[in-house]
Amino acid sequence: MSIWWSLHLRRDAASVPLARRFLLGTMESAGVDPDISFDLSLALSEACANAVEHGGEYDGTRKDRDAWEEPSATASGQYRVTAYLDGEKCRIEVADSGPGFPTRGGPYTSERQPGSGLPDPQYASYPPVTAEEGRGLCLIEQLADHVHFGNRPGCAGAVVSFDKVLKWRKDALLMVS
């Protein structure tokens, strides 16, 4: 058995805890280990906060928008969160309609390996120690097993996707058999 869901949210700060609670509720119901659930919910919160802050809004100039991007959307715009829980891993994707990541060098994909926690500097360089923001992408990379920062194909918008191998409680509903 697997679980799949997608949320279409307004770019509003109140949507971040909503997405996080939805994910935590799904994982709790399925029987995912609480430590894994916490890591993924924190990574999701960071990705959603980035979509809210940097996600832009539909400006009426693109003709190739997805069905989830409504031209009549309020000035706050929208973003999408999709999660897949399937036996051994959870994959989460957050897509917005903002300017996207810089295209110089193409998308960044990171496989977590011991001792290689540094993300590609063109996307997620570490901010100064005294900075009050700018750690979100670095945090996502540290909390997930595989991370991809890229742009939506054919139109504006960033896509942050990440996954993590799941651990299950003994009474889990979806545990790998």
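Readers should treat all values here as calculations from the given coordinates under stated rules, not as data from a laboratory. Just so it is clear, the structure is predicted and the values come from calculations on it, not from any experiment. As a convention, Cβ positions derive from the backbone with ideal geometry for all residues, glycine included, and neighbour counts pool all protein chains shown.
Applying a 10 Å radius around every beta-carbon, put 141-148, 44-51 in order of their mean neighbour count, most first.
Per-residue Cβ counts within 10 Å, averaged per peptide and sorted highest first, yield 44-51, 141-148.
Residues with beta-carbon under 14 Å from that of CYS90, excluding CYS90: net charge, scoring Lys, Arg +1 and Asp, Glu -1?
Cβ neighbours under 14 Å give a net charge of -4.
Once you place label points 7 Å from the Cα toward the Cβ at ARG10 and LYS167, how far apart are they in nm?
The answer from the label model is 4.0 nm.
Go through 158-165, 3-10 and give me the packing order, highest mean Cβ count within 10 Å leading.
Highest to lowest by the protection proxy: 158-165, 3-10.
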